[in-house]
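All remarks here apply to the structure that follows.
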Amino acid sequence: LHLDRYMPATPIRVLLEINGKELTKVLKHTQLNSLREHLKRSSRFAIVKKIKPQLEKLIQQSESIAMERALPLVEAAREEMERELGEELERLRYLKTKNNTVRDSEIAFFESRITQANDYFAHATPELQAIRVIVNTYQP
């Protein structure tokens with residue numbers, strides 16, 4: 001169906017504190033990168049192991065936030081598909097009234113594509129691609 005022409009992969013960034021407070025709009029990606037410092041591998045694994053239950057809850061929370069943010073993107077892509085394929089379907093229907101060589105199977109093909117694409121868009125969900133754990137070691 002080549003649905004990626006209507007909805008290319010689009011990153012949805014979600015930034016949460018350990019308590020679940022959302023900071024996506026407060027801290028930009030570039031700001032976080034400028035503040036980073038190296039942490040030993042052994043320390044990284046120990047920290048992640050210690051906060052694993054909290055991370056699992058945060059992942060669930062971030063997935064629901066990402067789903068909310070994805071809905072308008074999916075709807076816009078669905079509308080674009082409906083417009084484009086609908087125009088082609090209407091063109092074929094009009095041509096059929098003027099030209100008997102347009103087959104019913106050609107019209108059915110586009111009707112089927114629209115139905116299949118709508119089904120895929122109805123079930124579209126964000127896909128988790130990466131997790132970044134940020135450890136705040138700042139002590140005033």
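Taken over the stretch 1-35, the criterion of being assigned to a helix (DSSP H, G or I), within 19 Å of the chain's Cα centre (by Cα) and either within 20 Å of Ile65 (Cβ to Cβ) or free of Cβ contacts under 8 Å to residues at least 40 places away in the same chain (or both) is satisfied by Asp4, Arg5, His29.
Starting from residues that are modelled with pLDDT under 90 and of a type in the set (Ser, Thr, Tyr), keep the ones in the stretch 102-139 and report whichever is farthest from Phe45 (Cα to Cα). Per the stated criteria, the residue is Tyr138.
The values are calculated or read from the model by the stated rules, or taken from the named source; none is laboratory data. Since the model is a prediction, treat every value here as computed from it, not as a measurement. Here Cβ is always computed from backbone atoms with ideal geometry, including for glycine, and neighbour counts include all displayed protein chains.
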